[in-house]
């Protein structure tokens, strides 16, 4: 039988410590509160390995969980930007806003990829 989400997160905490001991991978902010940060499962990974989790502040974690993009999409978006494709066209291709593409381009989001 598989492990519960709680069990998986406790395994990560035992191995890596509290997420609040690390900066957020998205915004680089830190928190001095034990529950100010979360271990977030990386999209596209099973969550069974402790390396499938990264520290995120609550705000970035909520945004990340609502995201329709995955790491491979962001890599492709960056390639398209480098080739000079207009951000609005990229946004339409990935069904996101132009602002999302702009934030990826400037490193405001997905800077860990």
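When the chain is treated as a GNM, springs tying every alpha-carbon pair under 10 Å, which of 58, 103, 41 comes out with the largest mean-square fluctuation?
Among 58, 103, 41, the largest mean-square fluctuation in the Gaussian network model of the chain belongs to 103.
Cα extents of the stretch 5-66 along the three principal axes, largest first, in whole Å?
Principal extents (Cα only, largest first): 26, 25, 16 Å.
Tell me the label-point distance for the pair residue 70, residue 111, using the 7 Å Cα-to-Cβ offset, in nm and rounded to one decimal.
2.6 nm
Per the helix-only calculation at 222 nm, which mean residue ellipticity applies to the chain, given -39500 (n - 2.57) for every DSSP H run of n ≥ 4 and division by its residues, nearest 500 deg cm²/dmol? Working shown, then result.
On the way: 5 runs with 50 residues, N = 113.
Counting only the DSSP helices, I get -13000 deg cm²/dmol.
Please arrange 18, 35 by counting, for each residue, the other beta carbons lying within 10 Å of its beta carbon, fewest first.
Working: 18 17, 35 10.
By the 10 Å Cβ count, ascending: 35, 18.
Once you've got the GNM for the chain with C-alpha springs shorter than 10 Å, pick whichever of 43, 95, 61 has the biggest mean-square fluctuation.
Of 43, 95, 61, the Gaussian network model singles out 95 as fluctuating most.
With a ≥ b ≥ c the root eigenvalues of the C-alpha gyration tensor of the chain, is it rounded (a/c under 1.5), prolate (a/b larger than b/c) or oblate? Intermediate values should be presented prior to the final figure.
Numbers: a/c = 2.77, a/b = 1.86, b/c = 1.49.
Note, shape of the chain comes out prolate.
Quote the relative contact order of the chain in percent (integer), defining contacts as alpha-carbon pairs under 8 Å separated by 6+ residues. Don't jump to the answer; show the numbers that get you there.
Values: 126 pairs, mean separation 24.3, N = 113.
Contact order relative to length: 21 percent.
Enter the angle in degrees (range 0 to 90, nearest 10) between the Cα long axis of helix 5-16 and the first principal axis of the Cα atoms of the chain, meaning the one along which they spread out most.
80 degrees
So the label point goes 7 Å from the Cα of residue 98 along Cα→C-beta, right? Which residues of the stretch 64-90 then have their backbone N under 13 Å from it?
Only 86-90 pass the distance filter.
Report the full-extension gain for the segment residue 89 to residue 48: residue separation times 0.36 nm, less the Cα-Cα distance, to one decimal in nm. Kindly include the intermediate steps, with their values, before the conclusion.
On the way: separation 41, 0.36 × 41 = 14.76 nm, distance 3.64 nm.
11.1 nm is the gain from fully extending residue 89 to residue 48.
Here, each number is a calculation from the coordinates, and none is a lab measurement. Predicted model, so just to flag it, every value in this text is computed and none were measured. Cβ coordinates were reconstructed from backbone atoms using ideal geometry, including for glycine residues, and neighbour counts include every protein chain displayed.
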